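Report on the structure given below.
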Amino acid sequence: MKFRNQTLRWAAISLATSALLLGGAQAASAATVPSPDNPPVSDQFLEENNVEGSVVDVQTDAKGAKFYLYDTGDWVLELPQAANDGGMQTQSYNAGICAGTFVGISRLSNQLYWGGQSSCATTNPTAAYPHSLKIELRKGCVSGICFQNTVRTGVSSDSAYNRVQTVTRFDNCTSAAQYRYDMVARPTVQGVQYGPFVDGDNYVVGCNIS
C-alpha cells in the first residue's frame with residue numbers, strides 16, 4: 001500500500017476535516033494535528049495490511065463509520081455495529097474492519113498521478129455485496145485563503161468478489177502552474193457507501209488540471 005512521497009506532505013488535517021464534515025469546501029492551510037485514539041485492531045492486522053505510521057486524525061461519517069488516518073496516507077475503516085453484524089471478516093481481518101491508503105499526489109512526466117486503494121472482504125464469497133472505492137481529486141490555490149474544489153472523480157469497478165479495489169489515475173497537465181491538491185475517499189462496503197473521508201495532506205504540484 002505504500003505509494004506515498006513524504007517530501008510532498010503538507011499538514012492540514014484538522015482544518016480539512018472540520019470543513020468537510022460541515023458540508024462545504026475547506027480552506028487549504030496548515031493546522032494543528034490532533035491526538036486521536038488508535039483503531040481497535042491488532043498489530044498483526046496492521047502488519048498484514050501494510051498499515052504504517054501514526055494516527056493523526058479520526059473522522060466519523062453520518063452512518064457511524066470511523067476513519068482512522070495515518071501520517072503515511074494509510075487508513076483503517078471501522079464499520080458501524082449494524083454493518084459488523086453482517087459478518088465482515090477474513091482470517092487476517094478483524095471483524096468490521098477495512099484498510100486502505102491514499103497515494104502521494106505527484107507529477108509524472110506531463111501527468112498528475114493520484115488515487116488510492118481499499119481492502120476488505122465478507123465471510124460469504126458468493127454474497128452480492130458490492131465493494132468499490134470512489135476518490136475525488138480537489139484543487140485549490142497555493143497562496144492566500146481559497147477553497148478546494150473537486151476537479152476529477154475516480155471510481156473502481158463494483159465487485160462482490162474482489163477484496164481489493166484500486167483507483168489509479170493519470171491526468172494530463174495543461175500547464176506547469178502550481179496548485180494545491182488533496183483527495184476525498186468514499187469506500188463502498190457490503191453495498192453501503194461510507195464517507196466522505198478527507199486526506200488532510202495538501203500537495204503543491206506544478207500541474208494544472210482544468
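Taking packing as the residue-averaged number of other Cβ atoms within 10 angstrom, the listed peptides 72-79, 48-55, 109-116 run from highest to lowest as 72-79, 109-116, 48-55.
Could you sort the peptides 190-203, 138-151 by per-residue average Cβ neighbour count (10 Å cutoff), highest mean leading? Don't skip to the answer; put the middle values down first.
Values: 190-203: 22.1, 138-151: 15.6.
Answer by packing, highest mean first, reads 190-203, 138-151.
Charge tally around Cys146: other residues with Cβ under 12 Å, Lys/Arg +1 each, Asp/Glu -1 each, net +3.
Every read-out reported here was derived from the displayed coordinates using simple, explicitly stated rules and does not represent laboratory data. This one's a predicted model, so the numbers in the text were calculated from it and none came from an experiment. Virtual Cβ from ideal backbone geometry, glycine too; neighbours counted across all protein chains shown.
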